[in-house]
1. Out of 55, 62, report the one residue that is within 13 Å of the chain's Cα centre (by Cα), part of a helix (DSSP H, G or I) and within 16 Å of the ligand (Cβ to nearest atom).
2. Restricting the search to segment 74-103, which residues are within 16 Å of the ligand (Cβ to nearest atom) and among the hydrophobic types (A, V, I, L, M, F, W, C)?
3. State which residue pairs qualify: first residue more than 19 Å from residue 85 (Cα to Cα) and inside segment 45-62, second residue loosely packed, with under 14 Cβ neighbours inside 10 Å in any location, beta carbons under 6 Å apart, and separation of 6 or more residues or different chains.
4. Within segment 42-52, does at least one residue satisfy the condition of being within 16 Å of the ligand (Cβ to nearest atom) and not in a loop (DSSP other than H, G, I, E, B)?
5. Is it the case, given these coordinates, that residue 48 is touching a strand residue (DSSP E or B) at 6+ places or on another chain (Cβ under 7 Å) and either modelled with pLDDT of 95 or more or under 27 Å from residue 146 (Cα atoms) (or both)?
6. Please count how many residues of segment 110-137 are of a type in the set (Gly, Ala, Ser) and either crowded, with 19+ Cβ neighbours inside 10 Å or within 16 Å of the ligand (Cβ to nearest atom) (or both).
7. Just a yes or no: is a residue in segment 97-107 more than 15 Å from residue 30 (Cα to Cα) and either of a type in the set (A, V, I, L, M, F, W, C) or at pLDDT below 95 (or both)?
Amino acid sequence: MAQKADGSFNNIGRIVIMYKAEEVVGIAIVCSDPRANLWKRVKQVVIPHGRIYVPISVLGGPISLVYPQELNLDHHTLLGQIHFALSGFPHTAEILSVTHDCGYYEKMGKNPGLQTKKEDAGRISAFIKAHFDLQVRSLFADDQESERFEEIR
Ligand SMILES: [Zn+2]
């Protein structure tokens, strides 16, 4: 950002675009751990060019959806975020769940292996399908290769 003579700021060399509610066609729930950089990776690699998704970026991403007891507050907060996004963006057709080898399990005193985390990705997908009448896609992000996402069914 650079400050102009009148005191305002502009972004040199960057294009900032804003969107209308009807252009928003999906919701992406991702972990906000900056080391994994999931939202940026998902935007660049997964979401088709020109399609606009609402990011719901929280530590742990969507895992609280399938741990309603252990992560009770996160569970209800995330559900509230999804419901609010759906009411504000009625053209939403898909919920994209993105998980990875997440450290948030430590909050529950758990340290599961990759296999359990991938199984949880499938449970998350089933949970979302059971609660929302939308297309659901569940991806497990590779923490070594930035463009690699495993489709979980
Ligand atoms: Zn994480």
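1. 62
2. 78, 96, 98, 102
3. Between residues of segment 45-62 that are more than 19 Å from residue 85 (Cα to Cα) and residues that are loosely packed, with under 14 Cβ neighbours inside 10 Å, the close pairs are 45/147.
4. First, pick out the residues of segment 42-52 that are within 16 Å of the ligand (Cβ to nearest atom): 42.
Checking the rest, the ones that are also not in a loop (DSSP other than H, G, I, E, B) come to 42.
Scanning segment 42-52, I find at least one residue that is within 16 Å of the ligand (Cβ to nearest atom) and not in a loop (DSSP other than H, G, I, E, B), so the answer is yes.
5. Working: touching a strand residue (DSSP E or B) at 6+ places or on another chain (Cβ under 7 Å): no; either modelled with pLDDT of 95 or more or under 27 Å from residue 146 (Cα atoms) (or both): yes.
Considered against the rule, which asks whether it is touching a strand residue (DSSP E or B) at 6+ places or on another chain (Cβ under 7 Å) and either modelled with pLDDT of 95 or more or under 27 Å from residue 146 (Cα atoms) (or both), residue 48 comes out as no.
6. 3
7. So the first thing to find is which residues in segment 97-107 are more than 15 Å from residue 30 (Cα to Cα), and the list is 106-107.
After this cut, where a residue has to be either of a type in the set (A, V, I, L, M, F, W, C) or at pLDDT below 95 (or both) as well, the list is none.
No - not one qualifying residue is present in segment 97-107.
Residues are listed down the side, and each one gets a yes or a no for (1) aliphatic (A, V, I, L, M); (2) touching a strand residue (DSSP E or B) at 6+ places or on another chain (Cβ under 8 Å):
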residue	(1), (2)
40	no, no
69	no, no
89	no, yes
114	yes, no
117	no, yes
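The values are calculated or read from the model by the stated rules, or taken from the named source; none is laboratory data. Quick caveat: nothing in here was measured; it's all calculated off a predicted structure. Note that each Cβ is placed from the backbone with ideal geometry, even for glycine, and that neighbours are counted across all protein chains shown.
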